[in-house]
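The values are calculated or read from the model by the stated rules, or taken from the named source; none is laboratory data. Fair warning: this is a prediction, and the values are worked out from it, not measured in the lab. Positions of Cβ are backbone-derived with ideal geometry, glycine not excepted, and every protein chain shown enters the neighbour counts. Surface accessibility is based on the protein's heavy atoms, side chains included, excluding ligands, DNA and RNA. Shrake-Rupley method; radii C 1.70, N 1.55, O 1.52, S 1.80 Å.
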Amino acid sequence: MVKVVGVRFKKAGKIYYFDPDEIELETGVNVIVETARGLEFGEVVVGPKVVPEEEVVQPLKKVIRRATEEDFEHLQENREKEERAFEIGLAKIAKHGLPMKLVDVEYTFDNAKIIFYFTADGRVDFRELVKDLAGVFKTRIELRQIGVRDEAKMIGGLGPCGRSLCCVTFLGDFEPVCIKMAKEQNLSLNPTKISGICGRLMCCLKFETELYREEKAREQEAQEEPEPKEEILVEEEVNESAAAEEEPKPKKKSRRRRRSRKKKKKSVKKES
């Protein structure tokens, strides 16, 4: 068992485990942690807890310290630098005539690297662009191609429901969504009705899929269950009473036959 805290670096981003290293931490506290790409500024979203070693990605990095006022000032400076780097990146991409769309720019907390996020229809040869950007910023440059879902998550926006996108507000990971989920919920298969602003199937189709499947399974079980015996007995009694009502009644003898018999009897008496 290992003691860890969960740290998030972006809003609705992934949660990573770190070793608190005997530092008293609680949720909502900003910290400086050691990551694979250097020091990073994050927020504790999962308080100290003990988890099995199998759930932790080794090697487990440590929390360096709580964030100070200087760290907050440095973070704000990086945000201003990112805006300037974005404008320079747009100009350099246009200069080299590359078929790519710049989405975002990110400085690592220690300024050891600048990451340019972009989208493109296919592979792009950006080696000359990287050399040009490295000459301007005098630091390590990384160009990372992302998908349309990641683009929507970074830029943000409003969904068809009128609310902020789920991927921006609370979704940490993108889960697979298929057209079968829309069919199970009896939704219109019109692409404009079930697609998000990213052009892919809406992530919210996944939310109620399990509920629909459970309800469908319950309905099938209810249909397969045999009917109670009491109901069968009641039906048999009803059928017997109905059959009794349908039995033909004995026919009444006609008056003419009675009169003819009386006449015969009278004639026999007279003869005697």
Inset, instruction - State the percentage of accessible surface on the range 56-174 attributable to carbon and sulfur atoms; use a 1.4 Å probe and exclude ligands, DNA and RNA. - result: 51
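Give a quick list of trypsin sites (Lys or Arg not before Pro) in the range 20-93 that DSSP marks as loop, anything other than H, G, I, E or B, with at most 14 other Cβ atoms within 10 Å.
Sites meeting the loop and neighbour criteria: ARG37.
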Inset, instruction - With label points built 7 Å along Cα→Cβ from the Cα atoms of VAL136 and ASP121, find their separation and express it in nm. - result: 2.5
Legend entry - In the range 142-171, the trypsin sites (Lys or Arg not before Pro) that fall in loop regions by DSSP, at most 14 other Cβ within 10 Å: ARG163
Inset, instruction - Please report the relative contact order for the range 12-68, taking Cα pairs under 8 Å with a sequence separation of at least 6, and give it as a percent rounded to a whole number. - result: 45
Inset, instruction - Determine the order of CYS167, CYS198, CYS161 by accessible area, beginning with the largest, at a probe radius of 1.4 Å. - result: CYS161, CYS198, CYS167
Inset, instruction - Can you pull the one-decimal nm distance between simple spin-label points at LYS49 and LYS95, each 7 Å off the Cα toward Cβ? - result: 5.0
Inset, instruction - Beyond 30 Å between alpha-carbons counts as too far, so tell me which of LYS81/LYS131; LYS92/LYS153; LYS11/LYS95; LYS3/LYS206; LYS62/LYS153 fall in that bin. - result: LYS11/LYS95; LYS3/LYS206
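To the nearest 0.05, how large is the calculated FRET efficiency for GLU221 and CYS161 if R₀ is 35 Å and r is the Cβ-Cβ distance?
With R0 = 35 Å, the Cβ-Cβ based efficiency is 0.60.
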Legend entry - Solvent-accessible area of THR27 with every protein chain in place, 1.4 Å probe, in Å² to the nearest 10: 80
Legend entry - Approximate spin-label separation LEU60-PHE174, in nm, with each point projected 7 Å along Cα-to-Cβ: 3.1
Legend entry - Relative contact order of the range 41-135, defined on C-alpha pairs under 8 angstrom at six or more residues apart (%): 22
Legend entry - Amide H contacts under 5 Å for LEU39, placed H, 5+ residues apart: ASP110
